[in-house]
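Since every read-out is calculated from the coordinates, none of them should be taken as a lab result. From a predicted model like this one, the values you see are computed outputs, not experimental measurements. No Cβ is skipped: glycine too gets one built from the backbone with ideal geometry, and neighbour counts run over all protein chains shown.
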Amino acid sequence: MKKHNFYAGPSILPAYTIENTAKGILELDNTGLSVMEISHRSKEFMDIMEQAQSLIKELLDVPQGYHVLFLGGGASMQFCMVPYNLFQKKAAYLNTGSWASKALKEAAVFGEAVEVASSRDRNFSYIPRGYELPADADYFHITTNNTIYGTEIREDLDVPMTLVADMSSDILSRPMDVSKYGIIYGGAQKNLAPSGVAVVIIREDILGKVDRSIPSMLDYRIHIEHKSMFNTPPVVPIYAALQTLRWLRDLGGVSVMERINIEKAALLYDEIDRNPMFRCTVEDEQDRSRMNICFVMTDAHQEREADFLEFASSRGMVGIKGHRSVGGFRASTYNALPRESVLALVETMKEFEKK
Ligand SMILES: *Cc1c(COP(=O)(O)O)cnc(C)c1O
């Protein structure tokens, strides 16, 4: 049976991506070679890298002065590269969940990392607002989508300093104003490609302002200078990313994708709000993620949680068990998740209610 894949990451990819990556692994464009066995300095791979970078620029309308990098080490490596390259005196962090906390912890290695606000008091079920930013911070770091807790910052914030965003789980899910950000980064395995690579979009003029010396592999300027080929890049994940980017372009780009994502999320949130057996863990509509939808059984039905998981799994759903820090359920509704899978989950919830 074809599964409805709600895993949070690694997660569902478009069939287009998987089929074309599989083809390229067998033989890349009549070269007689697999994409896994060509030199990263070959013309073929240089083309793949360039096309992937320019499609990111095209899809997100990236302005002049920015570079796109594909780096190893995942998003977690960016938790350390960001302060290494930007932290001079002080940094500001918005703490909206486990990933944000991890990013903050890495920055604290470099000095005063200020937690400007946190939603930990209510188990990260909302996005804090109305906080003050220290005027002398070198940058402000946010996590736009909190994969574990199901909250999302959907607008591009205006702040009077360099804005850095971890967009691991919502990059390419909506149009955005890249010019508001100094750095946008994300691990690929939520919305783009298999794990093994992170995308980094970076404005060049924010670099070169710290006193410390930076090891080459952690220095964005080195990676920019070498066009993301300072060392051997993760060739296969980048090839897969290129397929996803083509799929997204052919679909009509991120504004069409956003419309689809809004519809899919609304279908599921509406059912959670309607169905007396379930309750969303994020109260405020404006904070609800379109990518990771977290819900639990209502108090009267607490003991049915395992039953629902079993029922859903018997109907082909995988990956809907919630993260242990929230409990209950989490349905990840990334770009590649078809609307039919959301409808199937909604139907499952309705039938479970009847049972
Ligand atoms: C998954 C995730 C990460 C961690 O990514 P890795 O590639 O495993 O390092 C960081 N931030 C967010 C928001 C995530 O969803």
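List of remarks:
- For the residue pairs 180/227; 23/180; 3/354; 57/105; 102/190, the alpha carbons lie more than 29 Å apart in 23/180; 57/105.
- Alpha-carbon radius of gyration plus Dmax, which is the widest Cα pair, for the chain in Å: 20.7, 65
- Here the spin labels are modelled as points 7 Å beyond Cα on the Cα-Cβ line, and at residue 19 and residue 158 they lie 4.6 nm apart.
- Environment charge of residue 54, counting only residues whose C-beta is closer than 14 Å and scoring Lys/Arg +1, Asp/Glu -1: 0
- Most mobile listed residue (43, 105, 227) in the chain, GNM with C-alpha springs under 10 Å: 43
- Computed from backbone phi with θ = phi - 60° and the Karplus coefficients 6.51, -1.76 and 1.60, the 3J(HN,Hα) list for the stretch 144-158 is 5, 10, 9, 3, 7, 9, x, 10, 8, 9, 9, 9, 8, 5, 9 Hz; x is used for glycine and proline.
- Hydrophobic long helices, here whole DSSP H runs in the chain with Kyte-Doolittle means of at least -0.5 and Cα atoms spread over 27 Å or more along the helix axis, are found at 254-274.
- In this rough spin-label picture, where each label sits 7 Å from Cα along the Cβ direction, the residue 303-residue 120 distance is 3.5 nm.
- Computed extension gain for residue 350 through residue 2, at 0.36 nm per residue and net of the alpha carbon distance, reaches 123.2 nm.
- Potential extension, residue 284-residue 34 segment - 0.36 nm per residue separation minus Cα distance: 85.1 nm
- Gain upon complete extension [residue 209, residue 274; 0.36 nm per residue less C-alpha separation]: 18.2 nm
- Distance from the stretch 318-351 to the stretch 260-292 (C-alpha centre basis), Å: 11 Å
- Sorted by Cβ density within 10 Å, fewest first, the residues 29, 170, 158: 158, 29, 170
- 17 Å cut-off, amide nitrogen to a point 7 angstrom out along residue 230 Cα→Cβ, residues in the stretch 42-79: 67-79
- Cα centroid of the stretch 87-111 to Cα centroid of the stretch 6-40, whole Å: 35 Å
- In the chain, Cα pairs under 8 Å separated by at least six residues give a relative contact order of 24 percent.
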